[in-house]
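*Asks:* First, the structure itself, so that you have it in front of you.
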Amino acid sequence: MRYDIVIIGGAIVGSSIAYYLREEGFSGSIALIERDPQFAHAATTLSLASIRQQFSIPENIRLSQFTLKLFRRLKEEFGADADIGFREGGYLILAGENGLPILKANHEAQMAEGADIVLEDAEQLAQRFAWLSTEGISAGAYGRTGEGWFDAHAMLMLFRKALRDKKIDFISASVTAVARDGNRVTGVSLDNGQTLAAGIVVNAAGPNAGKVAAFAQLSLPVEPRKRNVFVFEAREKYADMPLLVDPSGIYVRPEGSVYLTGGAEPEEGDGPADPTDFEVDWPLFEEVIWPALATRIPAFEAIKPTRAWAGHYDYNTLDQNAVIGPHPEVRNFLFANGFSGHGLQQAPAVGKALAEFLVHGGYRTIDCSAFGYERVAEGRAFRELNVI
C-alpha cells in the first residue's frame, strides 16, 4: 500500500489534520493510523476538555481563538445535530504577590489579541464571587467570554464522523518503525505486519510522539506525563463558578451536579509515565487537593470524592509548547506534537494550519512558524508560561 500522506495518531489532532486537508482541496490518498480505536486511553478523551485564551504568548491565544470561532459555528460546519455541550463558564486564574507580574504581563498579551479577560484585585474578586476566599491572593484574571469546557468525546466524534465521506483510510494498528532514505522518510511499518509507503508522514501521536520521532531517527523532547482528575460532590452548587486555577496549581470546575479537580502532581520527580500506568494516585486528593480547595473555597471543607481517572498527555520538556511543521532537513516528516495540556483546544487550528502548509506551501490562516522544529534543534525555548 502507498499513501500520499500517512498520519500517525487518529485522535483529535490527527483527525483535524485529515479533515482540513480535504477541506483545503487535497485529493491525494490519506491513511489515518490509530493504535487505540476506542480512544480508551487517548489524551483527547481523558483530558479536562476545556478551552481558554489565557496564555502568555500571542500564538497560543490565536490557536485557541480559531477553535472558539469553530465552536460558534459548529452546526454550520458539521450539521444541524452538531453539539459538544460547550459551556462558556470562563477561567479564573489567581495569583499571589509573587505571581502578579506574570499574571499582568499575560493579561496584556491577551488584551492585545482581543480576548475578553478582566484583571481584578482581591477585593473585586470577592465581590464578584461570594464563595471565594482571597486569602493570599493579589489578583485574578477572569475570562468573561470565550472560555469554558465541553465534551471531548463528542468533539472527536464530530471530526471522525465527518471524515467518513472524505475518502480517508482508517487503520487500527501501532507504528513500529519509520523508514528513512537519507533526508526523506519513505514509509511506516505496523504491528499487524503491514508496511505503508508514504510520500509524507505526519506525527500526531500525542504522548507517544517522541517515540515515533525516534523511529525516524529524529529527536523530539516530548514524553507522556501522567495526570489525575478527581470527581467530588459538595452540598453547595455554584452556578457562577468558572474553571478556577489556584496559585498552588490546583484547579477545580463544575461539571453538572459534581466538580472536577486536579493539578496536584509535584514538579519534583515528575517524569515520563509508564505507558501502561493509568492507576489513580488517590493520596494526591487527600493530602494535596482537598486542603487547597478548603482554603480557597471554605464550603469545600465538606466534600465527598466519588471517582477519578488518570491519563497521559504529551509534555514538551523543552518549553511546554507545541512543535508544529516540517523537520528542517527531513522535510517530508511533519510534527504536530508537544501541546503540553492544551492540544484538544488547539487541534482544529493546527489541523487547518498544517493542511494549508501541505496544500498551499505555507501558512495562511494562522502563522505557526514560531512553533517550528528549528528551535528544538537549537535548544532554544519558546516558553509558554501559562501551563495548567
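*Asks:* Need one value: the accessible area of residue 282 in square angstrom, 1.4 angstrom probe, rounded to the nearest 10.
*Replies:* 100
*Asks:* May I pose another question? Only helical DSSP H runs with n ≥ 4 go in: add -39500 (n - 2.57) per run for the chain, normalise by residue count and round the 222 nm mean residue ellipticity to 500 deg cm²/dmol.
*Replies:* -8000 deg cm²/dmol, from helical runs alone.
*Asks:* With N denoting the number of residues in the chain, provide Rg(C-alpha) divided by 2.2 N^0.38 Å, to two decimal places.
*Replies:* For the chain, the normalised Cα radius of gyration is 0.98.
*Asks:* Using 0.36 nm per residue of separation minus the Cα-Cα distance, give me the extension gain between residue 295 and residue 111 in nm, one decimal.
*Replies:* 63.2 nm
*Asks:* So which residue, out of 46, 70, 156, gets the largest mean-square fluctuation from a GNM of the chain using Cα contacts under 10 Å as springs?
*Replies:* 70
*Asks:* Out of the total accessible area of the chain (probe 1.4 Å, heavy atoms of protein only), what percent is carbon and sulfur?
*Replies:* Carbon and sulfur together cover 47 percent of it.
*Asks:* Further, regarding this structure: Residue 35: net charge of surrounding residues, Cβ under 12 Å, Lys/Arg +1, Asp/Glu -1, itself excluded?
*Replies:* Here the charged neighbours net out to -2.
*Asks:* Using only protein heavy atoms and a 1.4 Å probe, report how much of residue 151 is accessible, in Å² to the nearest 10.
*Replies:* 80
*Asks:* Under a plain spin-label model, where a point goes 7 Å from the Cα along Cα-to-Cβ, how far apart in nm are residue 154 and residue 135?
*Replies:* Label at residue 154, label at residue 135, 3.8 nm between them.
*Asks:* Determine the distance separating the Cα centre of the range 318-388 from the Cα centre of the range 23-86; give it in Å without decimals.
*Replies:* Going from one Cα centre to the other spans 15 Å.
*Asks:* What's the extension gain from residue 127 to residue 233 if we count 0.36 nm per residue and subtract their Cα-Cα distance?
*Replies:* Additional length available on full extension: 35.7 nm.
*Asks:* Assign one of three labels to the range 165-215, namely rounded, prolate or oblate, based on the Cα gyration tensor with a ≥ b ≥ c the square roots of its eigenvalues; rounded applies when a/c is under 1.5, prolate when it is not and a/b is larger than b/c, and oblate otherwise.
*Replies:* rounded
*Asks:* Skip the ligands, DNA and RNA, and give the accessible area per residue of the range 296-388 with a 1.4 Å probe, whole Å².
*Replies:* 34
*Asks:* Here is a further query. Counting only heavy atoms of protein chains, what accessible area per residue, in Å², does the range 121-194 have with a probe of 1.4 Å?
*Replies:* Counting only protein heavy atoms, the per-residue value for the range 121-194 is 49 Å².
The values are calculated or read from the model by the stated rules, or taken from the named source; none is laboratory data. Quick caveat: nothing in here was measured; it's all calculated off a predicted structure. Neighbour counts run over all protein chains shown; Cβ positions are idealised from the backbone, glycine included. For the accessible areas, the whole protein counts, side chains as well, though only heavy atoms, and no ligand, DNA or RNA atoms are used. Shrake-Rupley method; radii C 1.70, N 1.55, O 1.52, S 1.80 Å.
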